[in-house]
Amino acid sequence: MTDSQQFRADGHAAIDWAADYLEGIGERHVMSTVEPGEIRAGLPASPPEEAEPFADVLADLDRVLLPGITHWNHPRFFAYFGITASHPGILAELLAATMNANGMLWKTSPAVTELEELTLSWLGQLLDLPPAWHGHIEDTASISTLAALCAARTAMPDRPVVVASEHAHSSVDRACRILGLEIRHAPVDDSYRMRTDGLDLSDACAVVATVGTTSTTSVDPVPKIADAAAATGAWLHVDAAYAGSARVCPEFRTPGFERADSLVVNPHKWLFTPVDCSCIFTARPDDLRAAFALTPEYLRTSAEGVTNLNEYGPALGRRFRALKLWSVIRCYGRAGLQATIREHVRLAELFEGWVRDEPGWEICAPRPYSVVCFRPEGEDARSEALLEAVNASGEAYLSHTRLDGRHVLRLAVGNGWTTEADVRLTWDVLQREAARLGAGLAV
């Protein structure tokens, strides 16, 4: 068998494996229960001396690795933020890996740069963003936020403070640590939104407004924060990594986005694109370029009038990430994206109603989108034990947060294959396990 024939055979086997995995994923335990070191112990400690067939790789994937996978693509994965590696996204990842292009410069693969520019234009249109904004793709919101805050620091080097809500994502704190900036947390109101009364930006190079906070998906008052930023010259960065995707639906478009200096939206969270794909938009591309552009002799080219996207962020090498986002947008269309997001919000609203109507349970925060914060009444120990029991069952997987010092459960709907039956089953499991634990809750 020639190398090409072997590749075709192995490729068919890999696609069959992927199709079988996705078809049967709903029957698997969502959360991995292996012990630390168990996966490594199941594989040889040293590399092979001779070549092994790809079939052996697939065999070990089934035998050793899958038990150590928590299935983020499972329809009952409700922890953190639900995500989806959709069919077009998966296939586009395969094609991108096949070409293995590095779009560090326009010249090194013009299609990588130009498709990224086009795809971000498409996404901006879907999300109703200003058409003149620059957009490009980073790996995660952590890096997109780091890039934005680096640009703000470069533009205002004498202002060493970043202001963000106490419910802002930890990536803001981490970016400040990396950049040598001071993070100052603003308090939140009863709905976990940043308070703007007394907001002091006098020494801040940037203020971060969050639309869809990690714990509760609360929405900071962006217009008021934008007013404060404009009055002091601070850079306004909007972190909409999760909830920004919901803007594909007009009814979920909160005001103030158009006043941002930078914005991050993660299609790998709620736009059915495989990890990793984080989109950063900016009204101030020259400031990003001032922070990052560095062209040694070996990167100089004669190409004129082109964009070299490495000049707008921390990384030089650039994967062909746009191919998967472009494929998802094409294969879903605006209508398909809207329908799926609306269904997720409907399912979250349905679950919220079940919890609210059941004695012995409580809703702990407003629900702007598709994340429900709830808990069994009583001490934290009950909520903590219930989370452990539900996740250990393998039937569903939830995460938690702390609100006002209390342990709170989170159910985040975001997988493209989640159905009402999945949400109902999870509610049944929660009630069953609460009863089994003797939490005194009605079943």
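Here are the numbers:
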{"item": "Share of alpha-carbon pairs per 10 Å distance bin for the stretch 330-443, given as whole %", "result": "14, 46, 29, 9, 2, 0"}
{"item": "Cα radius of gyration and Dmax for the stretch 260-417 (Å)", "result": "21.8, 71"}
{"item": "DSSP bridge orientation in the stretch 125-247 - percent antiparallel, rounded to nearest 5", "result": "10 percent"}
{"item": "The stretch 297-351: proportion of alpha-carbon pairs further apart than 15 angstrom, %", "result": "70 percent"}
{"item": "Cα-based Rg of the stretch 139-197 normalised by 2.2 N^0.38 Å, two decimals", "result": "1.16"}
{"item": "Heavy-atom surface of the stretch 311-408, accessible at 1.4 Å and reported per residue (Å²)", "result": "40 Å²"}
{"item": "Rounded to 5, percent antiparallel among DSSP beta bridges of the chain", "result": "55 percent"}
{"item": "Stokes-Einstein D for the stretch 327-376, Kirkwood Rh over Cα pairs, 4 °C, 1.567 mPa s (µm²/s)", "result": "106 µm²/s"}
{"item": "Rounded to 5, percent antiparallel among DSSP beta bridges of the stretch 174-323", "result": "45 percent"}
{"item": "Amide hydrogen neighbours beyond the local backbone of MET104, cut-off 5 Å, H modeled", "result": "ARG318"}
{"item": "The stretch 316-382: GluC sites (Glu not before Pro) in DSSP loop, at most 12 other beta carbons within 10 Å", "result": "GLU379"}
{"item": "LEU149 - accessible surface, heavy atoms, 1.4 Å probe, Å² rounded to 10", "result": "0 Å²"}
{"item": "With every protein chain in place, the chain: carbon and sulfur % of accessible area (1.4 Å)", "result": "52 percent"}
{"item": "Sequence of ARG382, ARG318 from largest to smallest accessible area, 1.4 Å probe", "result": "ARG382, ARG318"}
{"item": "Average projected area [Cα convex hull, the chain], square nanometres", "result": "24.3 nm²"}
{"item": "Set of lysines near LYS269 by C-alpha distance (under 29 Å), chain-local residues within fewer than 8 positions excluded", "result": "LYS224, LYS324"}
{"item": "Candidates per GluC sites (Glu not before Pro) in the stretch 48-99, loop by DSSP, up to 10 other Cβ within 10 Å", "result": "GLU49, GLU50"}
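The values are calculated or read from the model by the stated rules, or taken from the named source; none is laboratory data. Predicted model, so just to flag it, every value in this text is computed and none were measured. Using ideal geometry, Cβ is built from the backbone for each residue, glycine included, and neighbour counts are taken over all protein chains shown. Note: accessible area is taken over every heavy atom of the protein model, side chains too, but ligands, DNA and RNA are not part of it. Shrake-Rupley method; radii C 1.70, N 1.55, O 1.52, S 1.80 Å.
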